[in-house]
Amino acid sequence: MSDQIQEFLDIPKEFITEGRQFVNRCTKPDRREFIKISQAVGVGFLVMGAVGFIIKLIHIPVNNILVGGA
């Protein structure tokens, strides 16, 4: 019974130690890496926005035809 309790109490300890190791291993991105990440995110926004706009352009007329322009 005490082994189960000990195992249950070890889980948060392991989580905290692994979290500390992860944070210590992380580094702040340098200027070049930050610009590269920002460009990738910007391109993603543009692509997703364009896809959404195209779907909206197609969806509205098709929906009006199917519904009958209610």
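Nothing in this text is a laboratory measurement; each read-out follows from the coordinates by a stated rule. This is a predicted model, so every value here is computed, not measured. Using ideal geometry, Cβ is built from the backbone for each residue, glycine included, and neighbour counts are taken over all protein chains shown.
Observations, loosely collected:
- Additional length obtainable on full extension of the chain from Thr17 to Ile37, 0.36 nm per residue less Cα span: 4.3 nm
- Set of lysines with alpha-carbon distance to Lys28 below 28 Å, sequence-local pairs under 8 removed: Lys13, Lys36
- Calculated from backbone phi, Karplus (6.51, -1.76, 1.60) coupling profile of segment 6-16 in Hz, x at Gly/Pro: 5, 4, 5, 7, 6, 4, x, 5, 4, 4, 5
- Extreme residue, positive dipole direction of segment 1-56, given options Thr27, Pro12, Ala40 (C-beta unit charges): Ala40
- Label assignment, Rg/Rh (Cα atoms, Kirkwood Rh) derived from the structure, set (1) 0.94; (2) 1.44; (3) 1.06: (2)
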